[in-house]
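**Student:** Got a structure for you, questions after.
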């Protein structure tokens, strides 16, 4: 499987080339186009309970679409719902914690599950929930805005607004807290933050969907109650 990210960073699209009889798992609604000879099968990944956990706790689709190339191979193009960047990580028998809305696709050697023991959630002021990606193979992620890639050394720490967190290495130390006191949390425009400590890798997005909505909603036309 080979993946090329096109049109980055604002309106990225992933062009995925599959080898003969190769498969890729894709989040529902992410397929833009596919070449002839590729077939689609909709499955529950990991059985009913894990699929239910992904849907209820992870905010993802109950079913995963599996695209399979024929003996000639083929190509798919994939894109997320929101404008922004896309990123390909090659997992090598490792685990990555991923913001649920950032998952786009993965190879068949990667399992996607809700994090923290398979059924727990990671809540924040923006309702952030993390999925756990485990295994070996490509993992395609998306972000709202551009992706900023960081590596933390052992003991190094960074504080991130939860609305900007995309993914981080499982096993990194973390602590979720409010920034400032109650007044700051309610009126400063900032909510909860997460302190992450290395060693490990983390991905951040340069824009926050919730911050955009907070700006947009007051500017929407108000419905006339008399109409």
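**Student:** In nm, to one decimal, how far is the residue 157 label point from the residue 33 one, both placed 7 Å along Cα→Cβ?
**Tutor:** Result: 5.0 nm between the two label points.
**Student:** Right, next: Taking R0 as 41 Å, what FRET efficiency do you get between residue 177 and residue 70 from their Cβ-Cβ distance, rounded to the nearest 0.05?
**Tutor:** The value I calculate is 0.20.
**Student:** Work out, step by step, the length gained on full extension between residue 222 and residue 201: first 0.36 nm times the residue separation, then minus their alpha carbon distance; give nm to one decimal.
**Tutor:** Fully extending the segment from residue 222 to residue 201 adds 3.2 nm.
**Student:** On to the next question. Which ordering of 97, 204, 13, 86 is given by a fewest-first count of other beta-carbon atoms within 10 Å?
**Tutor:** 13, 204, 97, 86
**Student:** Treat each spin label as a single point 7 Å out from the Cα along the C-beta direction, and report the residue 209 to residue 92 distance in nm.
**Tutor:** Here the answer is 3.2 nm between the modelled labels.
**Student:** Another question, then. Just to confirm my numbers, what's the Cα centroid distance between the range 145-177 and the range 14-35 in Å?
**Tutor:** The two parts, judged by their Cα centres, are 29 Å apart.
**Student:** Going by how many other Cβ atoms sit within 10 Å of their own, how do 219, 148 line up, fewest first?
**Tutor:** In increasing order of surrounding Cβ atoms, one gets 219, 148.
**Student:** Also: Find how much the distance from residue 146 to residue 42 grows on full extension, using 0.36 nm per residue of separation minus their present alpha carbon separation; answer in nm with one decimal.
**Tutor:** 34.4 nm
A short reminder: the numbers here are calculations on the coordinates, not readings from a lab. This is a predicted model, so every value here is computed, not measured. Note that each Cβ is placed from the backbone with ideal geometry, even for glycine, and that neighbours are counted across all protein chains shown.
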